[in-house]
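**Student:** One structure follows; several queries about it will come next.
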Amino acid sequence: MVKRMLLDLKNIYKNYGKEPMIVPVLKDVSLQVNEGDYIAIMGPSGSGKTTLMNIIGCLDRMSDGTYLFDNEDISKMNDNALSDLRLHKIGFVFQNFNLLSAETAQENVALPLIYAGVSKEERKERAQDALNKVGLGERVSFKPNQLSGGQKQRVAIARAIINNPKILLADEPTGALDQASGKQVMELFQSLNDEGVTIIMITHDANVASHAKKTLHIIDGEIIENKQGGTI
Ligand SMILES: Nc1ncnc2c1ncn2[C@@H]1O[C@H](COP(=O)(O)OP(=O)(O)OP(=O)(O)O)[C@@H](O)[C@H]1O
Ligand SMILES: [Mg+2]
């Protein structure tokens with residue numbers, strides 16, 4: 001089966017700061033991601049993992065290089081086009097969930113649909129479906145402080161997939177969770193990937209990384225190892 005390329009990053013550089021205090025963070029990073037891939041990114045603290053993820057997620061711009069997302073040249077898109085792309089094509093999951101504490105699980109999950117202009121009735125229905133999918137159909141009206149860490153992360157995952165994104169980007173999704181909750185999150189990622197969702201996940205934990213089909217190692221801003229593993 002021929003796989004369709006989703007992301008094509010070539011010779012990416014990212015510097016922070018300005019002359020004469022330029023800090024090079026990413027150095028000549030190239031990466032191709034096909035639809036259906038499940039990639040883990042590992043590497044020491046400060047090696048540039050989140051920086052790379054922010055570029056992949058179109059939250060930050062690269063200093064040099066070319067990046068095609070779904071055949072579209074990111075460097076030619078303005079900020080509005082980029083936020084539109086993020087809204088419809090990318091789901092984000094963070095270590096600390098980033099849920100709105102005053103809103104219920106359902107309201108948190110439905111938030112991207114408000115930006116997408118979806119009617120209130122449809123929002124409610126789709127949020128319920130997404131929460132059912134992550135096993136929290138009974139918790140729709142719970143607020144984040146009434147949920148466990150693992151449950152909060154599953155609400156965040158429901159929010160990330162509500163717009164049927166092309167790709168799920170997760171930065172240390174199990175970093176704040178105990179082992180059992182982390183395992184549930186990994187099972188959820190596995191079933192999403194089985195359904196065809198492309199996933200890139202940063203982790204410090206080799207056990208967590210072993211769930212991915214492929215692990216990239218980044219050291220001092222460079223991809224130094226490209227290890228194939230698991231079953232494809
Ligand atoms: N906004 C910024 N301005 C200046 N330097 C930055 C900025 N963001 C990150 N850096 C620097 O870039 C380097 C890489 O940071 P990054 O957050 O990508 O690392 P990381 O691999 O995600 O680390 P960790 O595992 O600790 O999350 C660090 O040296 C950091 O200080
Ligand atoms: Mg990081």
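The values are calculated or read from the model by the stated rules, or taken from the named source; none is laboratory data. Being a predicted model, the structure only gives us computed values, none of them experimental. For neighbour counting, all protein chains shown are included, and Cβ atoms are generated from backbone atoms with ideal geometry for every residue, glycine included. All accessible areas refer to the heavy atoms of the entire protein, side chains included, with ligands and DNA or RNA removed. Shrake-Rupley method; radii C 1.70, N 1.55, O 1.52, S 1.80 Å.
**Student:** Give me the pairs, please: first residue somewhere in the stretch 40-57 and basic (Lys, Arg), second residue anywhere and part of a strand (DSSP E or B), beta-carbon distance under 9 Å, and either six or more positions apart or on two chains.
**Tutor:** 49/41; 49/42; 49/171; 49/202; 49/218
Residues are listed down the side, and each one gets a yes or a no for (1) of a type outside the set (A, V, I, L, M, F, W, C); (2) within 16 Å of ligand 2 (Cβ to nearest atom):
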| position | (1), (2) |
| --- | --- |
| 59 | no, yes |
| 64 | yes, no |
| 67 | yes, no |
| 71 | yes, no |
| 96 | yes, yes |
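**Student:** Tell me the residue from 206, 212 that is open to solvent by 30 Å² or more (accessible area, probe 1.4 Å) and over 29 Å from residue 123 (Cβ atoms), please.
**Tutor:** Exactly one of 206, 212 is open to solvent by 30 Å² or more (accessible area, probe 1.4 Å) and over 29 Å from residue 123 (Cβ atoms), namely 206.
**Student:** Among the numbered conditions (1) closer than 18 Å to residue 8 by Cβ; (2) within 16 Å of ligand 2 (Cβ to nearest atom); (3) open to solvent by 60 Å² or more (accessible area, probe 1.4 Å), tell me where residue 52 comes up short.
**Tutor:** Residue 52 satisfies all of (1) closer than 18 Å to residue 8 by Cβ; (2) within 16 Å of ligand 2 (Cβ to nearest atom); (3) open to solvent by 60 Å² or more (accessible area, probe 1.4 Å) except (3).
**Student:** Further question: Counting only residues that are farther than 15 Å from residue 26 by Cβ and in contact with a helix residue (DSSP H, G or I) (Cβ under 9 Å, 6 or more places away or on another chain), which one in the stretch 59-80 is surrounded by the fewest Cβ atoms within 10 Å (Cβ to Cβ)?
**Tutor:** Top of the filtered list is 72.
**Student:** Still on this structure: Does any residue of the stretch 122-130 turn out to be among the hydrophobic types (A, V, I, L, M, F, W, C) and without any contact (Cβ under 8 Å) to a residue 40 or more places away in the chain?
**Tutor:** yes
**Student:** Quickly run through the stretch 121-138 and pick out the residues that are open to solvent by 80 Å² or more (accessible area, probe 1.4 Å) and either among the basic types (Lys, Arg) or under 20 Å from the mean Cα position of the chain (by Cα) (or both).
**Tutor:** Matches in the stretch 121-138: 124, 133.
**Student:** Of the residues that sit in the stretch 144-182 and are among the polar types (S, T, N, Q) and outside any loop (DSSP other than H, G, I, E, B), which one is most open to solvent (accessible area, probe 1.4 Å)?
**Tutor:** 179
**Student:** Report, by residue number, each residue of the stretch 15-49 that is within 17 Å of residue 201 (Cα to Cα), within 11 Å of ligand 1 (Cβ to nearest atom) and open to solvent by less than 60 Å² (accessible area, probe 1.4 Å).
**Tutor:** If the condition is that a residue be within 17 Å of residue 201 (Cα to Cα), within 11 Å of ligand 1 (Cβ to nearest atom) and open to solvent by less than 60 Å² (accessible area, probe 1.4 Å), then 41, 42, 43, 47, 48, 49 are the ones that fit.
**Student:** With respect to the numbered conditions (1) surrounded by fewer than 14 Cβ atoms within 10 Å (Cβ to Cβ); (2) among the aliphatic types (A, V, I, L, M); (3) without any contact (Cβ under 8 Å) to a residue 40 or more places away in the chain, which one is the sole condition not fulfilled by residue 118?
**Tutor:** Of everything listed in (1) surrounded by fewer than 14 Cβ atoms within 10 Å (Cβ to Cβ); (2) among the aliphatic types (A, V, I, L, M); (3) without any contact (Cβ under 8 Å) to a residue 40 or more places away in the chain, residue 118 misses just condition (1).
**Student:** How about the stretch 88-105: which of its residues are open to solvent by less than 40 Å² (accessible area, probe 1.4 Å) and not aromatic (Phe, Trp, Tyr)?
**Tutor:** Matches in the stretch 88-105: 90, 91, 93, 99, 104, 105.
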